[in-house]
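In what follows, a structure is listed as structure tokens, so that the remarks can point back to it.
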């Protein structure tokens with residue numbers, strides 16, 4: 001067949017819509033305008049003579065035809081990306097490129113230090129770091145867009161049989177308070193003291209917040225009773241809000257090393273409770289593993 005009814009760009013768009021769940025978010029992730037993305041899908045559906053999506057009010061859902069095209073499209077795109085990596089390996093021999101994906105907090109505070117240590121040993125390797133949500137990183141690893149992912153949350157259940165998950169490190173989550181707070185004079189507080197605090201949190205849909213809520217509930221702490229003062233969209237804004245005396249927050253210890261060293265905030269421990277999560281490395285064992293990727297795992 002010399003004239004295929006779809007292009008690689010259209011398959012990438014289809015994949016992005018399936019991952020993001022909407023045309024708008026898919027367009028943003030691909031740095032396209034929404035009209036341009038919609039036109040590509042319209043042309044694809046016209047060429048195939050199939051409807052690929054069921055358009056609902058705020059979301060889109062793949063039809064059976066869309067699911068079929070996505071399944072084969074993922075294989076096509078993955079093979080193209082593996083081919084490109086193999087060619088780069090052949091050309092670069094001892095050097096190469098490694099694409100690392102990381103979830104938000106991990107990619108901002110932990111992975112850059114890890115990459116710095118790796119580059120000291122392997123300065124010839126070029127590393128690209130992509131910071132996204134845990135879900136997006138997991139799908140990118142599954143589809144071969146990213147070599148390995150370093151994440152702090154759970155992967156989508158549908159990828160459990162596709163990805164290999166290796167525990168890498170423990171990440172403690174600290175309860176931080178303003179230095180002016182009365183609890184800053186004690187090293188430990190009781191569980192019931194948490195219900196008197198004004199909390200600053202990430203959005204309720206964020207991975208870290210869900211992890212924190214799950215761990216606290218496992219320790220018989222009812223997070224539904226927490227007084228949420230405000231929800232912010234980044235760890236940096238949360239740290240600044242705590243420093244300004246606006247409330248308390250749970251954040252990764254890796255994100256507050258500088259603030260603790262400078263005495264800008266107080267880390268309050270909770271009696272008989274340690275809030276920890278596992279940082280894991282994820283890979284797709286069925287995808288091509290570059291020399292640079294093998295070096296990273298050996299490191």
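What does the highest-first list of 174-185, 237-248, 147-158 look like by mean Cβ count within 10 Å?
Working: 174-185: 16.3, 237-248: 17.9, 147-158: 20.3.
Ranked by mean Cβ neighbours within 10 Å, highest first: 147-158, 237-248, 174-185.
Starting with the fewest neighbours, write out 129, 69, 44 ranked by other beta-carbon atoms found within 10 Å of each beta-carbon. Walk me through the numbers before you get to the answer.
Values: 129 17, 69 24, 44 21.
Ranking 129, 69, 44 by Cβ neighbours within 10 Å, fewest first, gives 129, 44, 69.
Taking the chain as the reference, fit the longest principal axis to its C-alpha atoms, fit the long axis of helix 111-121 to the helix C-alpha atoms, and give the angle between the two in degrees, 0 to 90, nearest 10.
Result, in degrees: 70.
Give the angle, between 0 and 90 degrees and rounded to the nearest 10, that separates the Cα long axis of helix 34-48 from the longest principal axis of the Cα atoms of the chain.
40
Fully extended, how many nm does the chain gain between residue 83 and residue 274 (0.36 nm per residue separation, minus their Cα-Cα distance)?
On the way: separation 191, 0.36 × 191 = 68.76 nm, distance 4.53 nm.
Taking residue 83 through residue 274 to full extension adds about 64.2 nm, to one decimal.
Quick check on the range 239-299: what does the Kirkwood estimate of hydrodynamic radius come out to from the alpha carbon pairs, in Å? Intermediate values should be presented prior to the final figure.
Values: mean 1/r = 0.0651 Å⁻¹.
For the range 239-299, inverting the mean 1/r across all distinct Cα pairs yields 15.4 Å.
So for the range 8-77, averaging the separation of alpha carbon pairs under 8 Å that are six or more residues apart and normalising by length, what relative contact order in percent results? Show your work: numbers first, answer last.
Details: 65 pairs, mean separation 23.8, N = 70.
Once normalised by length, the contact order is 34 percent.
Using the alpha carbon gyration tensor of the chain, what are the three equivalent-ellipsoid semi-axes (square root of 5 times each eigenvalue), largest first, in whole Å? Walk me through the intermediate numbers first.
Details: eigenvalues 324, 127, 48 Å².
After scaling each eigenvalue by five and taking roots: 40, 25, 15 Å.
With an 8 Å Cα cut-off and a minimum separation of 6 or more residues, compute the relative contact order for the chain in percent. If you can, show how the numbers build up before the last one.
Working: 468 pairs, mean separation 62.7, N = 299.
With pairs under 8 Å counted, the relative contact order is 21 percent.
Run the numbers for residue 31 and residue 157: contour at 0.36 nm per residue of separation, minus the present Cα-Cα distance, in nm. Please report the intermediate quantities before stating the final value.
Details: separation 126, 0.36 × 126 = 45.36 nm, distance 2.77 nm.
Additional length available on full extension: 42.6 nm.
Note down the relative contact order for the range 102-256 as a percent, whole number, built from C-alpha pairs under 8 angstrom at least six residues apart. Can you show the working numbers first?
Working: 188 pairs, mean separation 41.7, N = 155.
The value is 27 percent.
Using only helices, what value at 222 nm comes out for the chain when you add -39,500 (n - 2.57) per DSSP H run of length 4 or more and divide by the total residues, to the nearest 500 deg cm²/dmol? Walk me through the numbers before you get to the answer.
Numbers: 10 runs with 118 residues, N = 299.
Helices in the chain give a 222 nm mean residue ellipticity of -12000 deg cm²/dmol.
With label points built 7 Å along Cα→Cβ from the Cα atoms of residue 50 and residue 67, find their separation and express it in nm.
1.2
With everything on Cα atoms, drop me the angle between helix 8-20 and the longest principal axis of the chain, reported from 0 to 90° to the nearest 10.
30
Report the full-extension gain for the segment residue 130 to residue 214: residue separation times 0.36 nm, less the Cα-Cα distance, to one decimal in nm. Walk me through the intermediate numbers first.
Working: separation 84, 0.36 × 84 = 30.24 nm, distance 2.67 nm.
27.6 nm is the gain from fully extending residue 130 to residue 214.
Mind computing the radius of gyration and Dmax over the alpha-carbon atoms of the range 114-217? Å is fine for both.
Cα only, the range 114-217: 18.5, 53 Å (Rg, Dmax).
All of the numbers you see were taken from the coordinates with simple rules; none came from a lab. Worth saying up front: this structure is predicted, and the values here are computed from it rather than measured. Cβ: placed from backbone, ideal geometry, glycine included. Neighbour counts: every protein chain shown.
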